[in-house]
1. Over the protein assembly as shown, what is the percentage of antiparallel beta bridges among all DSSP beta bridges, to the nearest 5?
2. So for chain A, averaging the separation of alpha carbon pairs under 8 Å that are six or more residues apart and normalising by length, what relative contact order in percent results?
3. In percent, how large is the relative contact order of the stretch B:114-252, given Cα pairs closer than 8 Å and 6 or more residues apart?
4. Given the rule -39500 (n - 2.57) for each run of at least 4 DSSP H residues, summed and divided by the residues of chain B, what is its mean residue ellipticity at 222 nm, to the nearest 500 deg cm²/dmol?
5. With 38 Å as the cut-off, how large is the P(r) tail for the protein assembly as shown, expressed as percent of Cα-Cα pairs?
6. What order do you get for A:382-388, B:137-143 when each peptide is scored by the mean count of other beta carbon atoms within 10 Å, highest first?
7. Give me the percent of DSSP beta bridges within the stretch B:114-252 that run antiparallel, rounded to the nearest 5.
8. Calculate the all-directions average of the projected area of chain A's alpha-carbon convex hull, and give it in nm².
């Protein structure tokens, strides 16, 4: 897209339709920040670059989940991870139709799954990445999707879902750790053909992950005093997507984050910004409905806290596979919703947030229970929560979803 | 039509009105409403929603001019709300876009400051809103827009199936002897149920009452999430439906408060009040900065 077209998007935000449009729009609205532009470029070309490098240079890559430990492990095995949930960003209505008409997914199935299936379907027969690392998740539609893709010629490897109950400690936890180490070796064997892991490579990834988590934490602190410098969409992309998979280019990602920290440290604090800011926590997944973030910004809100905020570091003192396993069971995605709630609560305390948006996808029964639990928990603490259900489908968010977001921010503004 | 503000608004709020000439435009999915405040009078107009928001706005402006003699260039500030607010434009007149949720809360507060809960059923969605009785701000809200069931559009469809006008649907339902049991929460399946009940010679009154009760249960579900605190007001286009009003009162176990201004204008009235408040606060800001 030409610069003119990008400027046109700023002049006429209604013409923004695709997720790519939103990224271009973000580039224009962040034109003052070389760091944001660099990171938005990485985001923009994330999947196409990996696919091109695979085709043209034979650089190994695979699709995997975006849980923050999985891409880390894939990097350590010498592969570049593509978070398959990112594929929704490249989807359109046609992808949904492929899932519903060709594969007979019921209409009410989660749009995230349908978009991923549609995107993978388009790659059948093409020379491109055909390996999918996944887990036997509790999400039935995804399980079905992987079975279908296996039949369509994709090489799918599913390990057992990691789940640690809130009361699991002691001997039971040690058994889980051992089990996870075996699973990590299973994954390594499937990816590389050898049942072993280059421990130094894994250690290097731990160092990178911990370093970046600390940097992202610092970035989030700086955003409290500069709440409008990086807008909501860009922040969530840099954090939720970027910290998980580094947009396929870890070195460049880290450089972008360093530059952004430097920019924020040198940017004077505007006292008016601090007066008018309405700190909101984003208590959902990344969400491919980018217009929702724009609606929050336009309404005067600022997403300053996140469900995926860096929380626990990897223990670098342990043997690498054990450290990896303990990290898996110790982070917010270890299974039970209370772990995520801990992160949200820590964000609430850190920010003195005024509201929380709990976002999930239509048709995702998996996340809807957690969201309802969080809503009740924080409501009792006096924190207003908005339970939002959105779609993974490309296109502008529907009006009623925007009404909810805007009314929520208006409510928080008036009660200030 | 026009009324004196002091005749319809809460006496506790009357002195808060200013001399600014303001309009609240509520562009709903089925009708566009506008309320103009000038010299202590409220002028209210309504028109069916046109294909383009701007056409609706122009029609409302023409109706207001005919009633009040106030033209666009004499309006100090306007607020646009309702689903059509996104395309709302008034050329050079100062304006702001605010959601209907905030506007309904403020409108209700000015109609009666004891109102703490609002049932707002419009053409395409149903909302439950909790209002702060101290200032008319929204405390909490929830919207039901998963499907057409429970909305004004759904009631229109049912009326059509029963061979009634939308206006008559509520009246007819009041004659029910035994409301039909409508189990479906989905407009498509509910439509099948209505057809099936008609085929079994169930009376239109019983079917209409059953439909209203099914919708009322959805309203109750909304309040289960955010809490129901009296006084309660019924706003939005469906507030005109006496059958729906009776059903919701029955299911909630609470009576709606009576207001002296047509409840369909609550959002537009709230918009007009918010327009005055916006002007007042901007004048205050200017005074502080001088």
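1. Restricted to the protein assembly as shown, the bridges split so that about 40 percent are antiparallel.
2. Averaging sequence separation for qualifying contacts and normalising by length gives 20 percent for chain A.
3. This gives 34 percent for the stretch B:114-252.
4. -13500 deg cm²/dmol
5. 43 percent
6. Order by mean packing, descending: B:137-143, A:382-388.
7. Of all bridge pairs located within the stretch B:114-252, approximately 75 percent are antiparallel.
8. Its average projected convex-hull area is 19.9 nm².
Readers should treat all values here as calculations from the given coordinates under stated rules, not as data from a laboratory. Worth saying up front: this structure is predicted, and the values here are computed from it rather than measured. Cβ sites come from the backbone with ideal geometry, for glycine too, and all protein chains shown count toward neighbours.
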